[in-house]
Each structure stands twice: as structure tokens, then as C-alpha cells.
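Following: one structure in C-alpha cells, then a few remarks.
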Amino acid sequence: MTVAALAIAGLAHAFFIVRNLLGPEDVSGEVVARREEFGFGWSIEGELGLQAVTVARVLALVVFIVWLYLAHDNFGRRNNPLEWRKPWVIAGWFVPVANLVIPGQVVKEVYRRSYPEKAWSSVQLVSAWWTALLVTFLSYTNTTVYATPGTDATVTTVYTPAFLAVITGGAGILAAVLGIIIVRRVSDWQDNPAAG
């Protein structure tokens, strides 16, 4: 289920790239307001591609946190506790500023401690995943409000410039692929600790 949720997030990022490469929709009328906004985080406001990414991120985050909690819990059940305690497995994602570091460190420890001694593994994979994931949260949107002449009707367009959509969307696809590799490896290693 975690792999499927990550794959959906990757597809949503691909959709986001395509939507923004097409540019904003053509709208006739007089420009009455324009706003450019840079941010770091989640946004449900905006065009369909951005909304798809946000919904996919929420789904992937919930499923990934559950998977990470269970993978972390396996060490406790084997009486082999990790340095990062259980509360941080979940809280680390939601504590402002700390959430820029702690989840990556928790995943790194679970990944490193899960692989069998004979298997070669590098936590650089986790570092690359975490960096790509953080890049996906950069956002820059252009919002334009058009007024239709002779009426009170307005049309609002919101889009991300293509260059940033490619960077953040590409990072999202990379984060999804690396996340899938991490989940599969840790799951396999924990299911069969003698392998390798």
C-alpha cells in the first residue's frame, strides 16, 4: 500500500509538470489583480495540478508514516531499540523547523539498521530522497484575476511557471521513486533479516 501511495504521488507530480508546461489558460478580459507568491509547504489553492499534488502528498504522507512507525516498531519488538524514539517517528513530521530534519534522520536510522550485515547499503539513498522531498515543497504561483468587460464576473487563473514546475515536479517524481526503493528494501530486509 505504501508503494502504491508513493507511486500515486509520483504520478501527481508528473501531472503537475504537464499542466504547468501548458501554461495558464487563455482568459479574455481586463487584468484587475495580480499576485505572485513564493512559499514552502502545502497548498490546496491553485490550479488542478497543484491540487492533485497536495492530495497525493497527504495520502502518501499518512501511509508512509504508518509504514515507518511499523518498521521502527519492529526494533522495539526485537528488544533492539533505535536512537530515535517512537514519538518522534510521528511528531517529527509535524513539529515546525524540526520537520526539516527529524523525519529524514528517522528514516536514515531505520534504513541503516534494517539491512543485513552482509548486504551493502548506503544511507546516501535516504539523503537523496529527503533532499528531493524537501525540494517538492517549494512553491511559486502567479495568480491573475480578470474582469469580463460589461459584467461583474471575474475569472482567476493560478499557475506555476514551467521552470519551477519541472524542478519541483521532477524532484517529486525522484522522491517517489527513491521512497519506493527505500520502502521495498527495508520491508524485504526486515522480513528476511538473514538474507544478503
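If I ask for residues that are hydrophobic (A, V, I, L, M, F, W, C) and at pLDDT below 80, which ones from region 35-84 would you list?
The first filter runs over region 35-84 and keeps only residues hydrophobic (A, V, I, L, M, F, W, C), leaving 38, 40, 42, 44, 48, 50, 52-53, 55-56, 58-68, 70-71, 75, 82, 84.
Answer for region 35-84, where residues must be hydrophobic (A, V, I, L, M, F, W, C) and at pLDDT below 80: Phe38, Phe40, Trp42, Ile44, Leu48, Leu50, Ala52, Val53, Leu82.
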Seminar exercise, completed: Those residues of region 69-115 which are of a type outside the set (A, V, I, L, M, F, W, C), open to solvent by 50 Å² or more (accessible area, probe 1.4 Å) and part of a loop (DSSP other than H, G, I, E, B) amount to Arg78, Asn79, Asn80, Pro81, Glu83, Arg85, Pro96, Tyr115
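The values are calculated or read from the model by the stated rules, or taken from the named source; none is laboratory data. Predicted, not measured: the structure shown is a model, and the values here were computed from it. Remember, those area values only see protein heavy atoms, side chains included, never the ligands or the DNA or RNA. Shrake-Rupley method; radii C 1.70, N 1.55, O 1.52, S 1.80 Å.
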